[in-house]
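Presented below is the structure to which this report refers.
The values are calculated or read from the model by the stated rules, or taken from the named source; none is laboratory data. Predicted model only: the values in this text are computed from it and were never measured. Cβ: placed from backbone, ideal geometry, glycine included. Neighbour counts: every protein chain shown. Quick note on the areas: whole protein, heavy atoms, side chains included, nothing else; ligands and nucleic acids left out. Shrake-Rupley method; radii C 1.70, N 1.55, O 1.52, S 1.80 Å.
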Amino acid sequence: MSARAKPAGDRRAVLVAGSGYGALKAAEDLSHAGIPVVWATEAQHFLELPPGVEPRPEWPSDLNFQFRPLYLRVTRHPLVTPLTQARVLSLAKNGDGYCAVVEQDPLYVDYDLCTGCGRCMEVCPLGEGDHPPLSRSPAFCPSRSLLLDKRQTSPCRQACPLGVNAQAYLALTAAGRFQEALAVVRRDNPLPGVCGRICSHPCEQACRRNELDEPLAIRGVKRFLFDYEAEQAAASLPLPAKPTRGQKVAVVGSGPAGLSAAHFLNQDGFQVTVLEALAEPGGMLRAGINAFRLPRPVLDAEIQALADSGISFQTGARVDSAQALLAQGYDAVLVATGTHRDLSLNLPGEDLPGVRHCVDFLRQVNLGEGASVGARTVVIGGGNSAMDAARTALRLGALEVTVLAIETEDQLPAAPQEVAEAREEGVRFKLGFAPVEMTGRDGVAEVLHRAAHWETGQGRPPRIVFDDDDIQGTEADTVVVAISQRPDLDEGGLGRELELGPGGRLKVDAEQAASVPGVFGAGDCVDGPSTVIQAMAAGRRAAARIAKYLAGNHALWPDQDGVARGVGEHLPIGEDRPQEPRQRMAQRQPKTRRRDFEQVELGFTASQAMAEAARCLQCASCCECLACAEVCDQVGAIGHARTGRQVEIDTPAVIWAQGGSPPWQGAADGGRVFPVEPQSYSADLMDALMMGSAAAGLAMESAAQLRAPKAPQEIEPAFSGEPLRMGVFVCTCNQTMAPAPVLERILDLAGQVPGVAHRALVFSVCHPQGAEQIAAAVRERGLNRVILASCVCCPLNFQCISCNDQRTRARLHLFERLGLERSRFETINLRDHLHPASGDEDEMFRRARDLLRGAFIRSQHLAPLRRGVSQMDRRVLILGGSQVGVSAARNLAMQGLKVRLAHHAWPSGEELPAVIAARRPAQGLEPDITQVEAAEIGGIEGHLGDFTVKAKVDGRWRSWKADVVCLTDENLIGLSMYAGRAGLKKFYRYDFAFFNTPQIGIYRVMPVTLKRVDAFQAGAALAGEVATAAAKAYIQDHQLSPEVDPDRCRGCGRCVEICPFEAVGLKENPDGSFTSVVYRHNCVGCGGCVGRCPVTAMDVPYFSNRLLQEMVAGRMKSEAC
Amino acid sequence: MKQTSERIRRIIEDSSLHLCLECGKCSASCPRLVAGRQYSPRLVAQKLMFHPEDAAYINNAVWECLTCGICEERCPSGVQFCRFILEMREALAEEQGLLGYRAHDGALHSWMRIMTAPELSQNRLEWLTPDLKVAQRGEVAFFTGCSPYFDVFFNNIQVDTLSLARDSIRLLNRLGREPVLLGNERCCGHDLLWTGDRENFETLCRLNYQEFRDHGVKEVITSCPECYLVLSQYLPKAVPESRLKVTLLIDLLAAEAQAGRITFKPLERRATYQDPCRLGRMAGRYEEPRGLMAKVPGLELKEMEFSRQGALCCGNSSFVNCDAFSKRIQVERLRQAQATGADLLVTACPKCLIHTTCAMRDPVKGGSLAMEVRGLVNILADQME
């Protein structure tokens, strides 16, 4: 819920495309004339100048402040749908009008919800950097709302099969926030300690730092985070709360895939049991990976953490039948048994004693089953397992270890670091050779090999091509064949139940389901040998499918494969960014480490980790650590997963205020596309505004049928005689207003005030739910006065130049949407006065107390605001048949207004200027325009909605009635001008109302206008302005229009003298004395008369004289305060 | 409550309210009633004595009175209605706070209260022109009053009450006197006294007395009837140790003129005279101003329909309750002045000057009431030889 209705699907409205002052003016005229508007701009804010336009030095420096009220009036107008960061995709002719498709980028910070509290900025780890992702709206936007720069997802995160958010944990690490960083890892990866050591880190390969120097040591940082937590013995940050579900899932296999699946299923509330055939859980992590790369305490700790989180582990439990598990009461079974069977070379001599196979060999070593090697060991294969085998052989006492592989150094599948470390430890490499035979008598003695390479071709499996016939031999006491593995399913029971595919791999469908319902497969046993991270990703994928199968709960963990969101390219790598080598992790010396199974790498220190993390380029700007979303949880303004939207608009006319030409679909037809050219900004800002006004007027010709006049609902509030039941609501502004103890003290204070029946903290008054909380309390507890302590300065229905969007929104929610009575509210602006940054709680309380004290006094002087409504009759009288007048007349007639046009008009006592007299009356006008050729004007009396114009036509005086009068010839301007109207210019300054006169409802065209636009456009602009008044059907009195006390009024006329709007007059009493009267239609509520009255006979309903006197008289003390 | 009613009983006795015969002469002569307001001094007296439960009526009525004193003149029983109002306002203010409504949004009363600040620093002697001779030290001081403030506040109606101060000095110089002017003189407190603010009034009295004492002043001359009334009658009650001699300038002038020590040039004008309430009915000076005007050759005094003891109020006192009825009183009084055929309205009080001028200067329809208004001392100073 927000202050305005979101556009749902197709809608009818006038499309205003582009930003800037001209577009603002156009949107204002249209919406205030009752026409719905969709305002779409690619910019982030509506006043961003159109492309190519620069601010000009002659523009006033307070320009943006001048536009603030207008900006708020328009963007929060109920008929305006404002879309920022939105572009018109296509425009197509559709009947008389157009069909426009507008696409809006995702709004990661909801402008309608953001309170501007700024907590997100405080917690953002990148807030202090060169490019903080969160920023305040620019000065010209009267909102405290924030903007979030979220670029395309960083390459590291996209490259990670699990989608682990490396950018975020690097950002947090750089900020020294290690615990939070680790929690970010754990969001996607339950095994940070394992992956911090042995992950194949595709993230690092993808790192954009490669373009500059070296990739980030992402894995090393992750390892540091895990080690830091373990060393500090710090409790991990809690994982998100999980639901509870009754269903049981058996996970067969405790390798990376099984553990990952078990973890995510457990997090989703399922009862998970992991069944492991070996004596200890971990699968290949334990059986296949060496302790010197992955120390057992790390693995044990991670598995223990999983067990602690509620997963049960059964070891030594070989599963032969998935169906039996289902029969035992498991609702689903995941087979994740991995690839534990070695592939054979199928070469002669492979069965000789001394020839070992890698997985088998490593398992024996790793599980302590007793293994030994000879002095000379040859390892066949070039993958990571081969490196493991080679280095293990060294540690088992081999004097000479040789790796024999077909690949060249560049092609080796093993990680370069593994190769390098093996080489450091003394492993020799014979590359580019394929084994041919193993020879020996009692046992193996020599491996024969020939130079060879892999030949790969389209649609063919790779095959070995021998390069020459020269057979060489390498002596060996032990040979380890390490050329990949396959699942072990076909021999066991599972293979009999479940359909298998090529290579003995489990066959699953797109939902990871095996051939038996309720049985799923994941990891290497399905996909063949892969990496730990890939297996974990597969495990999570299967977990999602199982959750869907069991709970219908889909997309719990969105598939991270290729996940990408955000708007725009990655942050560019600045030219001034220095090259910086990557941190090197300390390692034990090769000659020492090769003797034992202790860890080779020693990990980063904290300063190294921070320095390394600081190298991160933060490609996506926003790293999605979600710290901001957490502090914005209640407000809900930040949504990192939001998507864009498309809106289709059925528009009778288009205002194009962004240069270029519309993206036509089909033939271009610009007949009803009215431009506000960026060139109009070139001279005077007013030109652009006038262009906007003219475009709006032209658009109105065909958009008039979109109007649906609605009579304002006005209920006269009864104020007198009711016992005081006051409510005090204090906005916490999402906990940033002041420290909680201060707010509590403020509430306590309010509780001591007589008449206070309710008091409460509200998390955000400008938030729909915050306002609803207030409305509910007001209604349930029958509160008849409310003090609202927030950032809202006044409860009135207007915006001044210091107003902002949050204040406006709060009032819209409370008074317009929820229908609370405005005149019963008194507001204090705590937000700008407490200065919580000072930290002085007593001072904050004192300030709040003083403000509250004033509000208590003011609340006793609240009175009903003026609420008169008058109906309008849409009669427009245009005096002067200039081109402007004719253009306006035709436009207004097409809008359906009743137009009377006097071609030649002159004030009584003056001559009709010869230029005008010589002008021939325009021909061929619409028949529904009443035309008069010549009229002498005796005078104009009355007010907006009810003017009487004395006109002499054909020698006879007539009385013309009109709701609005336009003076479109220069000789008539005098009819609108009054002497001594100081202050008027200032008043209209913020309205940019070119045609207004001191008399509301009388419009005139000044010669300067015709220098800005041509006469036709000026006529349209005039028609647009006139329509904002005349087309409304109803006019409301100004809420602050004063009342006159006839007993006090001395009838002196000083109020009449000062009012620039002819809104005060004198009425003669029977005894010859006078009393002043307020002409409510003319009154703009400025209060000039009230200030001028020497005897306080006039008063306004809000901030009344009576109140001011109370304040001066020093009765501001409220006993309780 | 008992304390309150005891106090009110004493007020009733002190002002002889209990002697009221209910004859209604007071109401019949009350300018507010004449101007159309449902207002009756008689009813106030009766309500207070016999229906004190009607507090709303009593409170309103107490604050509405103009304190012009015409009812006292007409009362056959000698009820001191003005004293009654003054003391009731004090009593009500103590009980309920300062009520009643103050014209000009209470600005004048605010500045009077501001003057109670002991550390006040004023710039109140800038109006002195080089031709005016004043002494730095001496036993005789001239009390300027609020003119320096009035002329700023009322600049939109172009009153020149400072001319009264300048012309007073000029006249004193002509008599060979050079008075001391006190740079930190305060408001005499008249308007606070008459609007119930006893505490601030007494503060002003004390501060003024200290100023006199610190400068060795033994005699104070003033041309303002309100200042005269306060300094001579009310200040000694607030500051019992005061032994100040207070002289009204026109008394001095009357005596000097009588003795032939000051004479005047002819002024061929037909004038009429507005008796200020504080000068006439409260200080009994009816003949002194008239005598002085008679000393100006050619100046013809045409009395209005109601003059001397029966003079109509200028419409307002102490800047409270200025309203539609005040305006009607002023219109009536100015019409009476015009009816004399005079073209010059003379008065002896700056307040009368301000109020009559205000009514004439109404932007709308004010012109028909316009005539020249001057202070008595202005005329005397201009015409002195």
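From A:LEU912, A:LEU975, A:LEU901, grab the single residue that is of a type in the set (A, V, I, L, M, F, W, C), under 30 Å from A:TYR1079 (Cβ atoms), at pLDDT below 95 and surrounded by 16 or more Cβ atoms within 10 Å (Cβ to Cβ). Write out each step before concluding.
Working: A:LEU912 fails: under 30 Å from A:TYR1079 (Cβ atoms); A:LEU901 fails: at pLDDT below 95.
Result: A:LEU975 is the single residue among A:LEU912, A:LEU975, A:LEU901 that is of a type in the set (A, V, I, L, M, F, W, C), under 30 Å from A:TYR1079 (Cβ atoms), at pLDDT below 95 and surrounded by 16 or more Cβ atoms within 10 Å (Cβ to Cβ).
Scanning for something open to solvent by less than 30 Å² (accessible area, probe 1.4 Å), touching a helix residue (DSSP H, G or I) at 6+ places or on another chain (Cβ under 9 Å), more than 14 Å from chain A (Cβ to nearest Cβ) and in a helix (DSSP H, G or I), does the range B:110-130 turn up at least one residue?
The answer is no; no qualifying residue exists.
Going through B:MET371, B:MET360 one at a time, which residue ends up being touching a helix residue (DSSP H, G or I) at 6+ places or on another chain (Cβ under 8 Å), open to solvent by 10 Å² or more (accessible area, probe 1.4 Å) and more than 11 Å from every other protein chain (Cβ to nearest Cβ)?
Values: B:MET360 fails: more than 11 Å from every other protein chain (Cβ to nearest Cβ).
After applying the criteria, what remains is B:MET371.
If the Cβ limit is 7 Å and pairs must be 6+ apart or interchain, which residue in the range A:1017-1030 that is farther than 17 Å from A:ARG672 by Cα pairs with which residue that is open to solvent by 10 Å² or more (accessible area, probe 1.4 Å) and of a type in the set (Phe, Trp, Tyr)?
Filtered contacts from the range A:1017-1030: A:LEU1022/A:TYR1003; A:GLU1025/A:TYR1003; A:VAL1026/A:TYR1003.
Is it the case, given these coordinates, that A:PHE604 is open to solvent by less than 30 Å² (accessible area, probe 1.4 Å), touching a Phe, Trp or Tyr at 6+ places or on another chain (Cβ under 6 Å) and not assigned by TED's automatic domain parsing to the domain that holds A:ALA17?
Values: open to solvent by less than 30 Å² (accessible area, probe 1.4 Å): yes; touching a Phe, Trp or Tyr at 6+ places or on another chain (Cβ under 6 Å): yes; not assigned by TED's automatic domain parsing to the domain that holds A:ALA17: yes.
Considered against the rule, which asks whether it is open to solvent by less than 30 Å² (accessible area, probe 1.4 Å), touching a Phe, Trp or Tyr at 6+ places or on another chain (Cβ under 6 Å) and not assigned by TED's automatic domain parsing to the domain that holds A:ALA17, A:PHE604 comes out as yes.
What number of residues within the range A:345-364 satisfy the criterion of being under 22 Å from A:PRO295 (Cβ atoms) and open to solvent by 30 Å² or more (accessible area, probe 1.4 Å)? Steps first, please.
To start, the set of residues in the range A:345-364 that are under 22 Å from A:PRO295 (Cβ atoms) comprises A:358-359, A:361-364.
Add one more test, that the residue is open to solvent by 30 Å² or more (accessible area, probe 1.4 Å), and what stays is A:363-364.
Final tally of qualifying residues: 2.
Need pairs with beta-carbon distance below 6 Å; first residue in contact (Cβ under 8 Å) with a residue 12 or more places away in the chain and within 15 Å of A:GLN587 (Cβ to Cβ) and within the range A:411-424, second open to solvent by less than 10 Å² (accessible area, probe 1.4 Å) and not aromatic (Phe, Trp, Tyr); sequence gap 6+ or separate chains.
Listed by first residue and then by second, the contacts come to A:GLU418/A:MET387; A:ALA422/A:MET387; A:ALA422/A:ALA390; A:ALA422/A:ARG391.
Name the single residue, out of those in the range A:1052-1062 being farther than 17 Å from B:ALA103 by Cα and either surrounded by fewer than 18 Cβ atoms within 10 Å (Cβ to Cβ) or touching a residue at least 40 places away in the same chain (Cβ under 8 Å) (or both), that is farthest from the other protein chains (Cβ to nearest Cβ).
Taking the range A:1052-1062 first, the residues farther than 17 Å from B:ALA103 by Cα are A:1056-1062.
From what is left, the residues that are either surrounded by fewer than 18 Cβ atoms within 10 Å (Cβ to Cβ) or touching a residue at least 40 places away in the same chain (Cβ under 8 Å) (or both) are A:1057, A:1060-1062.
Values: A:GLU1057: 4, A:PRO1060: 14, A:PHE1061: 16, A:GLU1062: 13 Å.
Within the range A:1052-1062, the match that is farthest from the other protein chains (Cβ to nearest Cβ) is A:PHE1061.
Quick one: would you say A:GLY1065 is within 12 Å of chain B (Cβ to nearest Cβ), surrounded by fewer than 20 Cβ atoms within 10 Å (Cβ to Cβ), under 30 Å from A:ARG874 (Cα atoms) and at pLDDT 85 or above?
It is true that A:GLY1065 is within 12 Å of chain B (Cβ to nearest Cβ), surrounded by fewer than 20 Cβ atoms within 10 Å (Cβ to Cβ), under 30 Å from A:ARG874 (Cα atoms) and at pLDDT 85 or above.
Examine the range A:1104-1113 for a residue that is crowded, with 20+ Cβ neighbours inside 10 Å and more than 13 Å from chain B (Cβ to nearest Cβ), and state whether such a residue exists.
no
Taking the range B:131-158 as the region of interest, how many residues are open to solvent by less than 60 Å² (accessible area, probe 1.4 Å) and either out of contact with any Leu (no Cβ under 6 Å at 6 or more places or on another chain) or farther than 30 Å from B:ASP362 by Cα (or both)?
The first filter runs over the range B:131-158 and keeps only residues open to solvent by less than 60 Å² (accessible area, probe 1.4 Å), leaving B:132, B:134-135, B:138, B:140-148, B:150-151, B:154, B:157.
Among the residues that remain, those that are also either out of contact with any Leu (no Cβ under 6 Å at 6 or more places or on another chain) or farther than 30 Å from B:ASP362 by Cα (or both) are: B:132, B:134-135, B:138, B:140-146, B:148, B:150, B:154, B:157.
Residues in the range B:131-158 being open to solvent by less than 60 Å² (accessible area, probe 1.4 Å) and either out of contact with any Leu (no Cβ under 6 Å at 6 or more places or on another chain) or farther than 30 Å from B:ASP362 by Cα (or both): 15 in total.
Does the range A:40-68 hold any residues that are among the small types (Gly, Ala, Ser), in a loop (DSSP other than H, G, I, E, B) and closer than 18 Å to A:GLU103 by Cα, and which are they? I'd like the intermediate steps shown before the answer.
Of the range A:40-68, the ones among the small types (Gly, Ala, Ser) are A:40, A:43, A:52, A:61.
Next cut, in a loop (DSSP other than H, G, I, E, B) only: A:43, A:52, A:61.
Across the range A:40-68, the qualifying residue is only A:ALA43.
What are the pairs, 6+ residues apart or on separate chains, where a residue within the range B:97-108 that is over 15 Å from A:ARG1050 (Cα atoms) and more than 7 Å from chain A (Cβ to nearest Cβ) has its Cβ under 9 Å from a residue that is open to solvent by 20 Å² or more (accessible area, probe 1.4 Å) and aliphatic (A, V, I, L, M)?
Within 9 Å, the pairs are B:ALA107/A:VAL1112.
Condition first: assigned to a helix (DSSP H, G or I) and either closer than 17 Å to B:GLY100 by Cβ or assigned by TED's automatic domain parsing to the domain that holds B:GLN330 (or both). Now tell me which residues in the range B:12-46 satisfy that. Steps first, please.
Of all residues in the range B:12-46, those assigned to a helix (DSSP H, G or I) come to B:12-14, B:17-19, B:25-29, B:31-34, B:41-46.
Result: B:ARG32, B:PRO41, B:VAL44.
For residues that are within 14 Å of chain B (Cβ to nearest Cβ) and in a loop (DSSP other than H, G, I, E, B), scanning just the range A:1073-1094, find the one that is farthest from A:CYS1059 (Cα to Cα).
A:SER1073
Can you tell me which residues in the range A:658-672 are closer than 20 Å to A:PHE1016 by Cβ and touching a helix residue (DSSP H, G or I) at 6+ places or on another chain (Cβ under 9 Å)?
A:ARG672
Within the range A:294-305, identify whether any single residue is more than 18 Å from A:ARG496 (Cα to Cα), free of Cβ contacts under 8 Å to residues at least 40 places away in the same chain and in contact with a strand residue (DSSP E or B) (Cβ under 8 Å, 6 or more places away or on another chain), and answer yes or no.
no
To keep it simple, each residue is scored yes or no on (1) outside the structural domain of A:ALA175 (by TED's automatic domain parsing); (2) open to solvent by 20 Å² or more (accessible area, probe 1.4 Å); (3) over 29 Å from the mean Cα position of the chain (by Cα); (4) not β-branched (Val, Ile, Thr).
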{"site": "A:ALA629", "(1), (2), (3), (4)": "yes, yes, no, yes"}
{"site": "A:GLY636", "(1), (2), (3), (4)": "yes, yes, no, yes"}
{"site": "A:PRO652", "(1), (2), (3), (4)": "yes, no, yes, yes"}
{"site": "A:ASP669", "(1), (2), (3), (4)": "yes, yes, yes, yes"}
{"site": "A:PRO675", "(1), (2), (3), (4)": "yes, yes, yes, yes"}
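May I ask you to say which residue of B:ARG361, B:ARG308 is under 16 Å from the mean Cα position of the chain (by Cα) and of a type in the set (Lys, Arg)?
Checking each option against the conditions leaves just B:ARG308.
Looking only at helices (runs of 4 or more DSSP H) that fall completely inside the range B:137-213, which ones have 3 or more residues that are within 26 Å of B:CYS358 (Cα to Cα) and at pLDDT 95 or above? Quick ask: steps written out before the conclusion?
Numbers: elements: B:147-153, B:162-174, B:190-193.
Output list reads B:162-174, B:190-193.
Does A:LEU79 meet the test of being among the aliphatic types (A, V, I, L, M), surrounded by fewer than 22 Cβ atoms within 10 Å (Cβ to Cβ) and on the phi < 0 side of the Ramachandran plot? Write out each step before concluding.
Working: among the aliphatic types (A, V, I, L, M): yes; surrounded by fewer than 22 Cβ atoms within 10 Å (Cβ to Cβ): yes; on the phi < 0 side of the Ramachandran plot: yes.
Yes, satisfied.
For B:ARG335, only one of the following conditions fails: (1) open to solvent by 10 Å² or more (accessible area, probe 1.4 Å); (2) more than 11 Å from chain A (Cβ to nearest Cβ). What is its number?
The number of the failed condition is (2).
I'd like the full set of residues that are open to solvent by less than 60 Å² (accessible area, probe 1.4 Å) and among the polar types (S, T, N, Q), limited to the range B:253-279.
Once the filter is applied, which keeps residues that are open to solvent by less than 60 Å² (accessible area, probe 1.4 Å) and among the polar types (S, T, N, Q), the range B:253-279 yields B:THR272, B:GLN274.
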